[in-house]
Structures are given as structure tokens and as C-alpha cells.
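Engineer: The structure that follows is given in the form of C-alpha cells.
Just so it is clear, none of the values below were taken in a lab; they were calculated from the coordinates. Note that this is a predicted model, so its numbers are computed, not measured. Every residue, glycine as well, gets a Cβ built from its backbone with ideal geometry; the counts of neighbours run over all protein chains shown.
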Amino acid sequence: MEVFPKARQFMLRVCTSTLPVRRMLHFRHMVDDDTCLWCNRVETVGHALFDYERVRDLWADSGCEATCRWEEAGSMCDLVESWGSLNAKLLQKGVLLAWGIWQERNQKIFEGKTTPNDELLNRVVRWTEGVGSYSRRIYTSAKRVPASGKSWKSPPEGIVKLNMDASLAKEGWVGLGVIARDAAGRVLYAATRRMRAHWPSEIAEAQVIDMALKIGKQRGLGDVLSNRIAKCL
Ligand SMILES: [Zn+2]
């Protein structure tokens with residue numbers, strides 16, 4: 001989905017039933033009342049996003065009704081899966097509208113403020129335009145600094161390939177990162193760490209090798225790694 005990372009996190013919570021709707025909070029004994037603020041029905045995820053008068057109007061006016069066939073889908077996860085066949089632009093707008101509806105709900109609960117429907121819909125349209133420039137910025141800047149000119153090649157069978165790097169981009173901070181993959185290109189483990197240190201680059205590079213090997217040993221790959229590391233060093 002081409003949406004903001006926060007909207008993606010929101011969708012993940014929708015799919016994993018971890019969005020803090022009142023039914024969930026009630027189930028966990030965090031609130032006494034599991035009803036919706038607007039209509040006194042139980043506030044499930046489906047209800048909060050799709051199923052009371054105001055949000056039904058929003059979905060109808062947005063032209064994204066194809067994204068909210070939640071009652072046919074069975075679960076929120078099934079609903080999201082069914083979106084795979086939708087037009088990308090329509091899906092993007094639908095996800096951003098669901099996110100906007102959730103923010104609107106929270107704003108009413110926590111700040112007692114509401115936004116008129118037309119304003120909320122305009123906001124969603126602005127977001128869809130914003131996402132385009134956001135991802136252009138992210139992806140074009142990523143292209144400008146390629147990690148290397150080469151493409152990644154998988155190691156021979158039985159060998160674990162560790163790609164790692166240390167970053168000294170910010171004074172007083174060191175970033176370490178490693179990814180271990182096998183001959184099929186499967187990720188065996190990956191890790192990043194950020195620490196306070198004033199190391200020259202040689203030390204930082206050695207530290208990342210050390211970190212990569214320690215994690216590998218914890219994952220039971222000690223033999224594979226120690227046989228090969230002598231060659232590497
Ligand atoms: Zn309601």
C-alpha cells in the first residue's frame with residue numbers, strides 16, 4: 001500500500017485486532033462500557049470504521065465503497081486481503097479514509113472536537129496527494145545513495161552470507177546492521193543496533209562483525225560461521 005507509515009501501522013492493528021476499540025478495552029477490563037460514543041452499539045473495529053450513520057455517509061461520499069465490504073469479508077484480515085484486487089488509487093484513498101475516521105474518533109474522545117464530513121474528506125484527498133510527494137522524496141533520495149553498484153548474489157549451498165555495515169553518520173553515535181542469508185536468499189537473521197560511541201571506522205566495522213557473529217551463535221549457526229570467519233578476516 002502506498003500510504004504513510006503511520007497509516008500502515010494503523011492497518012496492521014486493524015488486521016491483528018489490536019486497535020483499541022471499546023470492545024477490546026472492555027474485554028481487557030480497561031473500560032466498563034463497550035459501546036460506541038455515537039450510537040450505543042458495541043464498538044468493534046468494523047463498527048468504528050464502517051458501521052454507523054456518519055461513517056456510512058463518509059464512505060458513500062468518498063467513492064471508496066468498494067473498500068468497505070467488511071460484512072461480506074468475515075474478518076478485518078479477510079477484508080484487507082480482498083483489497084488485493086482493487087485499483088491502487090482507490091485502495092490508497094480507502095485506507096487513508098479509514099485512518100482519518102479513526103483519528104476523528106480519537107479526537108472526539110480525547111479532545112471533544114469533531115470535524116465536518118466535507119472537511120474530513122478534503123483532508124483525505126490532501127493526504128493522497130501528500131503520499132505521492134512523500135514517496136517520491138523517500139524513494140528518489142534512496143536512489144541517489146545506492147549501497148553499492150553491485151546486486152546481491154547468494155552464497156554457495158551450505159554457506160551463510162553476512163552483509164553488514166557500520167554507520168558513523170552522526171557524531172557520537174554508531175549504527176550497526178547485519179543481515180544473514182543462505183544460498184536460497186532466505187533471511188536467517190537480521191539486526192540493527194545504535195549505540196553511543198566515538199569509534200574510528202575500522203573499530204566500528206570490527207564491532208559489526210563481532211555483533212553479527214554473536215547473534216549467529218545465539219541462533220545456533222556458530223559452526224557454520226566460525227569455519228568461515230577465518231577466511232573472511
Ligand atoms: Zn456507533
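Engineer: Sorting I203, I209 on the 10 Å Cβ count, fewest up front, what's the list?
Structural biologist: I203, I209
Engineer: On a 0 to 90 degree scale, rounded to 10, what angle separates helix 222-232 from the longest Cα axis of the chain?
Structural biologist: It works out to around 60 degrees.
Engineer: For L188, which sequence-distant residues (separation of 5 or more, or a different chain) have an amide H within less than 5 Å of its own amide H, given hydrogens modelled in the peptide plane?
Structural biologist: Hits under the 5 Å cutoff: A180, R181, D182.
Engineer: Using only helices, what value at 222 nm comes out for the chain when you add -39,500 (n - 2.57) per DSSP H run of length 4 or more and divide by the total residues, to the nearest 500 deg cm²/dmol?
Structural biologist: Result for the chain: -17000 deg cm²/dmol, rounded to the nearest 500.
Engineer: To continue, here is another question. Given an 8 Å cut-off on Cα distances and at least 6 residues of separation, report the relative contact order of region 5-144 as a percent.
Structural biologist: 19
Engineer: At a Förster distance of 45 Å, what's the computed FRET efficiency of H26 paired with E2, Cβ-Cβ distance as r, to 0.05?
Structural biologist: Efficiency, rounded to the nearest 0.05: 0.80.
Engineer: Going by C-beta contacts inside 10 Å, put T67, T18 in order with the fewest on the left.
Structural biologist: So the residues, fewest neighbours to most, are T18, T67.
Engineer: What FRET efficiency comes out for E65 versus V187 if R0 is 35 angstrom and r is the Cβ-Cβ distance? Round to the nearest 0.05.
Structural biologist: For R0 = 35 Å, the calculated efficiency reads 0.35.
Engineer: For a Förster distance of 41 Å, can you work out the FRET efficiency between the beta-carbons of W173 and D57, rounded to the nearest 0.05?
Structural biologist: E(calc), rounded to 0.05, equals 0.25.
Engineer: Would you mind ranking D51, D34, D78 by Cβ crowding within 10 Å, fewest neighbours first?
Structural biologist: Ranking D51, D34, D78 by Cβ neighbours within 10 Å, fewest first, gives D78, D34, D51.
Engineer: Name the residue from C68, A204, V124 whose Cα lies farthest towards the positive end of the charge dipole of the chain, charges +1 on Cβ of Lys and Arg and -1 on Cβ of Asp and Glu.
Structural biologist: In the chain, that residue is A204.
Engineer: Taking the Cα atoms only, what angle lies between the long axis of helix 5-15 and the longest principal axis of the chain, rounded to 10 degrees?
Structural biologist: So the inclination is approximately 70 degrees.
Engineer: If you only keep lysine pairs separated by 8 or more in sequence, or across chains, how many in the chain come under 23 Å at the Cα atoms?
Structural biologist: Lysine pair count for the chain: 17.
Engineer: Sticking with this structure for a sec: Within region 71-108, list the GluC sites (Glu not before Pro) lying in a DSSP loop whose Cβ has at most 16 other Cβ atoms in a 10 Å radius.
Structural biologist: none
Engineer: Mind pulling the angle between the C-alpha long axis of helix 53-62 and the longest principal axis of the chain? Nearest 10 degrees, somewhere in 0 to 90.
Structural biologist: Taking Cα atoms only, the helix is inclined about 70 degrees.
Engineer: Further question on the same structure: With θ set to phi - 60°, apply the Karplus curve 6.51 cos²θ - 1.76 cosθ + 1.60 along region 158-163 and write out the HN-Hα couplings as whole Hz, x wherever there is a Gly or Pro.
Structural biologist: Calculated HN-Hα couplings, in order: x, 10, 9, 9, 9, 9 Hz.
Engineer: Shifting gears a bit: In whole Å, how far is the Cα centre of region 87-134 from that of region 184-208?
Structural biologist: Between the Cα centres of region 87-134 and region 184-208 lies a distance of 39 Å.
Engineer: Counting only trypsin sites (Lys or Arg not before Pro) that sit in a DSSP loop (anything but H, G, I, E, B) with at most 16 other Cβ atoms within 10 Å, what is the longest stretch of the chain containing none of them?
Structural biologist: Value returned for the longest uninterrupted segment is 70-112.
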